[in-house]
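What follows is a short report on a single structure.
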Amino acid sequence: MTVESTAARKPRRSAGTKSTAGKRTTARKSPGTDPELVQLLTPEGERVKNAEFDKYVAGITPEELRGLYRDMVLTRRFDAEATSLQRQGELGLWASLLGQEAAQIGSGRATREDDYVFPTYREHGVAWCRGVDPTNLLGMFRGVNNGGWDPNSNNFQLYTIVIGSQTLHATGYAMGIAKDGADSAVIAYFGDGASSQGDVAESFTFSAVYNAPVVFFCQNNQWAISEPTEKQTRVPLYQRAQGFGFPGVRVDGNDVLACLAVTKWALERARAGEGPTLVEAYTYRMGAHTTSDDPTRYRGDEERVAWEAKDPILRLRRYLEASNHADEGFFAELETESEALGKRVREAVRAMPDPDHFAIFENVYADGHALVDEERAQFAAYQASFATDIESGFAAGSGV
């Protein structure tokens, strides 16, 4: 299924209504034109001019455009495979990015190799852009490791489950590289729900006061699990930056070109010593918050259908076709590559070895501790009891 975003609009909520199924839903106005929204590609795939941000994508080549399209397609295929794996019991949980591919690929491709990225737990597209093998993202969700990659190999931190805390880490890191005089920048990803966290407000304060070279990239997918954005703020999220003394901008999060351009601009500001920027990528979470969530319980079909009509991937495909930048051979080859990626991910997950049960006792204390030794011994006896019970069952003829 393809999904596509219409032009975004300011958050607004009307009185709750009853759906045909008798459930309470959120009745919202259809998305309309937002003059505050930076957009370079319309939902129909038409290129529009923007005096401020056109220059940041002016030199983009047809090959690079096809690369952005490939990034989004393969990221979505990986995400779909991970969702299927969870449904089949291969993963404990999965946080899908469906519908947010343009925000992640556009911003991710704007970063330089020496920039440092602090993600939450849904930035699979950004990880792809940073060169992290997608199979490494799945170990934590399978429960076999605590991350699966070396953050310093790709300048991409481990996924952060604690909501909003990574923005403080990013701010501190940015303050550090500023003191070192490094010509690089930091980007921190978070969602609209995290924008209500105190950690994010503290990050804004410290980054502004110390002029830290950090970009705060908020993917406003409009739902913090079941909480709509208008229950968290009375103004668009990007306007919060004004109160902290640095610029904020709202970009069409389903427009990969606009996300690329705006993020390039914000990162250049950071590298030039002009301090932090808040980018609000206005997008939509097409699926569930995670695979443990049922979005039909708190939002109506009409809202989802309105956004499905204009998918970020379909938007770029329309532009590629209208500009004669891609032919059917390209799309067919990409489909083959997409299926190969899905197969590789599935096989890699099923081949992941179980972790050492006793690894949890390692590195608790630098020099060891008697209590940890006692706990390890108790755990060893507990594990051994399973083998004893099985052997006893066989000896009694009852099987396992």
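The values are calculated or read from the model by the stated rules, or taken from the named source; none is laboratory data. This is a predicted model, so every value here is computed, not measured. Virtual Cβ from ideal backbone geometry, glycine too; neighbours counted across all protein chains shown. All accessible areas refer to the heavy atoms of the entire protein, side chains included, with ligands and DNA or RNA removed. Shrake-Rupley method; radii C 1.70, N 1.55, O 1.52, S 1.80 Å.
So is Ala103 closer than 22 Å to Gln197 by Cβ, assigned to a loop (DSSP other than H, G, I, E, B) and either open to solvent by less than 40 Å² (accessible area, probe 1.4 Å) or in contact with an Asp or Glu (Cβ under 9 Å, 6 or more places away or on another chain) (or both) or not?
Values: closer than 22 Å to Gln197 by Cβ: yes; assigned to a loop (DSSP other than H, G, I, E, B): no; either open to solvent by less than 40 Å² (accessible area, probe 1.4 Å) or in contact with an Asp or Glu (Cβ under 9 Å, 6 or more places away or on another chain) (or both): yes.
The answer is no for Ala103.
Which pairs have Cβ atoms under 9 Å, sit 6 or more apart or on different chains, and link a residue in the range 206-223 that is free of Cβ contacts under 8 Å to residues at least 12 places away in the same chain to one that is open to solvent by 10 Å² or more (accessible area, probe 1.4 Å) and assigned to a loop (DSSP other than H, G, I, E, B)?
Val209/Gly245
Among Gln222, Gln232, which is closer than 17 Å to Gln104 by Cα and at pLDDT below 95?
Just one listed residue meets the conditions, Gln222.
Given the structure, is Ser207 of a type outside the set (A, V, I, L, M), open to solvent by 10 Å² or more (accessible area, probe 1.4 Å), touching a helix residue (DSSP H, G or I) at 6+ places or on another chain (Cβ under 8 Å) and farther than 23 Å from Thr135 by Cα?
Values: of a type outside the set (A, V, I, L, M): yes; open to solvent by 10 Å² or more (accessible area, probe 1.4 Å): no; touching a helix residue (DSSP H, G or I) at 6+ places or on another chain (Cβ under 8 Å): yes; farther than 23 Å from Thr135 by Cα: yes.
The answer is no for Ser207.
How about the range 313-343: which of its residues are open to solvent by 100 Å² or more (accessible area, probe 1.4 Å), more than 13 Å from Val73 (Cβ to Cβ) and either in contact with a strand residue (DSSP E or B) (Cβ under 6 Å, 6 or more places away or on another chain) or in a helix (DSSP H, G or I) (or both)?
Within the range 313-343, Glu328, Lys343 qualify.
Pick out the one residue from Met175, Met140 that is crowded, with 17+ Cβ neighbours inside 10 Å, in contact (Cβ under 8 Å) with a residue 12 or more places away in the chain and under 28 Å from Lys343 (Cβ atoms).
Values: Met175 fails: under 28 Å from Lys343 (Cβ atoms).
Answer to the check: Met140.
Taking the range 73-119 only, how many residues are more than 22 Å from Val256 (Cβ to Cβ) and of a type in the set (Lys, Arg)?
Total meeting the criteria: 1.
Got at least one residue in the range 349-362 being touching a residue at least 40 places away in the same chain (Cβ under 8 Å), surrounded by 14 or more Cβ atoms within 10 Å (Cβ to Cβ) and farther than 30 Å from Arg70 by Cα? Full working, then the answer.
Our first condition is that a residue be touching a residue at least 40 places away in the same chain (Cβ under 8 Å); within the range 349-362, this holds for 349-350, 352-355.
Retained after the next criterion (residues that are surrounded by 14 or more Cβ atoms within 10 Å (Cβ to Cβ)): 349, 352, 355.
Keeping just the survivors that are farther than 30 Å from Arg70 by Cα gives 355.
Yes; the residues of the range 349-362 include at least one that is touching a residue at least 40 places away in the same chain (Cβ under 8 Å), surrounded by 14 or more Cβ atoms within 10 Å (Cβ to Cβ) and farther than 30 Å from Arg70 by Cα.
Can you pull out the residues in the range 74-100 that are open to solvent by 30 Å² or more (accessible area, probe 1.4 Å) and in a loop (DSSP other than H, G, I, E, B)?
Passing the criteria: Gln88, Gly89, Glu90, Gly92, Leu93, Leu98.
Please verify whether Tyr298 is open to solvent by less than 70 Å² (accessible area, probe 1.4 Å) and either within 30 Å of Gly243 (Cα to Cα) or at pLDDT below 95 (or both), treating the condition exactly as stated. I'd like the intermediate steps shown before the answer.
Details: open to solvent by less than 70 Å² (accessible area, probe 1.4 Å): yes; either within 30 Å of Gly243 (Cα to Cα) or at pLDDT below 95 (or both): yes.
When the stated conditions are applied, Tyr298 passes them.
Val279 fails exactly one of the following numbered conditions: (1) under 30 Å from Ala185 (Cα atoms); (2) assigned to a loop (DSSP other than H, G, I, E, B). What is the number of that condition?
Just one mismatch for Val279, condition (2).
Taking the condition closer than 30 Å to Asp356 by Cβ and either touching a strand residue (DSSP E or B) at 6+ places or on another chain (Cβ under 6 Å) or modelled with pLDDT under 95 (or both), does Gly147 pass? Spell out how you get there, then give the answer.
On the way: closer than 30 Å to Asp356 by Cβ: yes; either touching a strand residue (DSSP E or B) at 6+ places or on another chain (Cβ under 6 Å) or modelled with pLDDT under 95 (or both): yes.
So Gly147 passes the test.
Among the residues of the range 326-364, write down those that are of a type in the set (Phe, Trp, Tyr) and either modelled with pLDDT of 95 or more or within 21 Å of Glu81 (Cβ to Cβ) (or both).
Phe330, Phe331 - these are the residues of the range 326-364 that are of a type in the set (Phe, Trp, Tyr) and either modelled with pLDDT of 95 or more or within 21 Å of Glu81 (Cβ to Cβ) (or both).
Is there any pair with a first residue in the range 233-249 that is in contact (Cβ under 8 Å) with a residue 40 or more places away in the chain and on the phi > 0 side of the Ramachandran plot and a second that is aromatic (Phe, Trp, Tyr) and open to solvent by less than 50 Å² (accessible area, probe 1.4 Å) whose Cβ atoms are under 7 Å apart and which are 6 or more apart or on different chains, and what are they?
Close Cβ pairs (under 7 Å, with a partner that is aromatic (Phe, Trp, Tyr) and open to solvent by less than 50 Å² (accessible area, probe 1.4 Å)) do not exist here.
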